[in-house]
1. Given (1) over 29 Å from ALA246 (Cα atoms); (2) surrounded by 15 or more Cβ atoms within 10 Å (Cβ to Cβ); (3) of a type in the set (Gly, Ala, Ser), where does ALA81 come up short, assuming only one miss?
2. Being open to solvent by less than 60 Å² (accessible area, probe 1.4 Å) and modelled with pLDDT of 80 or more is the filter here; which residues of the range 243-275 pass it?
3. Does ALA60 qualify as being over 24 Å from LEU249 (Cβ atoms) and hydrophobic (A, V, I, L, M, F, W, C)?
4. Only one of these conditions is not met by MET68: (1) surrounded by 12 or more Cβ atoms within 10 Å (Cβ to Cβ); (2) of a type outside the set (Ser, Thr, Tyr); (3) at pLDDT below 90. Which number is it?
5. I'd like to check something: does the range 93-108 contain any residue that is out of contact with any Cys (no Cβ under 6 Å at 6 or more places or on another chain), open to solvent by 30 Å² or more (accessible area, probe 1.4 Å), of a type in the set (D, E, K, R) and assigned by the TED database to the domain that holds VAL165?
6. Looking only at the range 145-161, which residues are touching a residue at least 12 places away in the same chain (Cβ under 8 Å) and either among the acidic types (Asp, Glu) or more than 17 Å from ALA197 (Cβ to Cβ) (or both)?
7. Where the second residue is part of a helix (DSSP H, G or I) and open to solvent by 100 Å² or more (accessible area, probe 1.4 Å) and the first is assigned by the TED database to the domain that holds PRO194 and lies in the range 162-184, which pairs have Cβ atoms under 6 Å and are six or more apart or on separate chains?
8. Quick check on the range 12-30. Is at least one of its residues outside the structural domain of LEU140 (by the TED database), part of a loop (DSSP other than H, G, I, E, B), modelled with pLDDT of 85 or more and at negative phi?
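The values are calculated or read from the model by the stated rules, or taken from the named source; none is laboratory data. Bear in mind the structure is a predicted one, so any value in this text is a computation, not a measurement. Because the Cβ atoms are built from the backbone with ideal geometry, glycine has one as well, and the counts that use them run over all protein chains shown. Heads up: the accessible areas ignore ligands, DNA and RNA and are worked out on the full protein's heavy atoms, side chains in. Shrake-Rupley method; radii C 1.70, N 1.55, O 1.52, S 1.80 Å.
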Amino acid sequence: MAKRRASRATFWAGVIGWAAALLMFFPIFWMALAAFKTEIDAVATPPKFFFEPTLENFAAVNQRADYMRYAMNSVIESIGATVVSLAIAVPAAYAAAFYPGPKTKNLLLWMLSTKMLPAVGVLVPIYLLFRDTGLLDSRLGLIIVFTLSNLPIVVWMLYSFFKEVPHEILEAGRMDGAKFKDQMRHLLLPLTLPGIASTALLSTILCWNEAFWSLNLTASNAAPLTAFIASFSSPEGLFWAKLSAASALAVAPILVFGWMTQRQLVRGLTFGAVK
């Protein structure tokens with residue numbers, strides 16, 4: 001009886017999981033479908049699931065905008081912000097995990113609370129600072145904003161991973177004469193590599209998908225793919241087929257990247273969950 005209940009619970013858990021996955025995947029599927037429709041088919045009522053596919057939307061998108069320039073900006077800004085975030089967050093998380101003070105938890109909570117602040121609340125001062133320092137519409141400016149935006153999450157994730165490492169391992173290294181850089185290089189980083197990798201992947205995805213700062217702090221030179229998508233919204237209206245084609249081109253690289261690194265991402269996010 002108990003075995004039957006367990007199998008039934010497993011079955012329904014699988015059904016719910018697949019239903020949730022299909023529900024989340026449907027917008028991506030519909031976007032990809034609309035990208036191969038004509039404008040008339042894209043807005044047809046009722047929606048058309050069977051149609052003659054066309055590539056005219058992708059041709060129109062490539063004629064209107066330089067896709068590779070936007071894509072290169074996204075790559076440079078996402079990877080650059082991730083590298084800078086890790087360079088700052090690794091020492092910060094190390095200090096919080098292995099040398100906590102009486103205010104460490106409060107400091108970490110304060111860092112996390114900054115993510116609750118609406119971005120529009122600090123748009124004007126940041127815009128004025130960037131204007132006065134020449135960082136508007138620059139890759140460096142977006143790298144700085146992306147770094148500051150994702151730093152609390154990166155620090156918290158690394159902190160949770162570092163907390164899983166037994167302190168005795170680092171103490172043994174210190175007793176053997178290992179200096180700080182040796183402890184980091186030969187002990188801490190190899191032990192927490194899955195967690196660091198998953199943090200880097202998540203940070204890259206968050207930077208890639210960031211739209212608010214991209215639209216407000218760039219014009220053309222440093223505009224990433226999120227601005228590329230927004231450029232297909234015109235006063236004449238929304239051309240859904242072309243907008244879907246632009247969106248498909250923008251999300252395709254990060255979808256492929258996420259699919260290729262899903263095993264590492266899951267491994268890192270479950271790091272230390274089972275002992």
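1. (1)
2. LEU243, SER244, ALA245, ALA246, SER247, ALA248, LEU249, ALA250, VAL251, ALA252, PRO253, ILE254
3. On the way: over 24 Å from LEU249 (Cβ atoms): no; hydrophobic (A, V, I, L, M, F, W, C): yes.
Here the answer is no, as ALA60 does not meet what is asked.
4. (1)
5. There is at least one residue in the range 93-108 that is out of contact with any Cys (no Cβ under 6 Å at 6 or more places or on another chain), open to solvent by 30 Å² or more (accessible area, probe 1.4 Å), of a type in the set (D, E, K, R) and assigned by the TED database to the domain that holds VAL165.
6. VAL145, PHE146, THR147, SER149, LEU151, PRO152
7. The qualifying pairs do not exist here.
8. Scanning the range 12-30, I find no residue that is outside the structural domain of LEU140 (by the TED database), part of a loop (DSSP other than H, G, I, E, B), modelled with pLDDT of 85 or more and at negative phi, so the answer is no.
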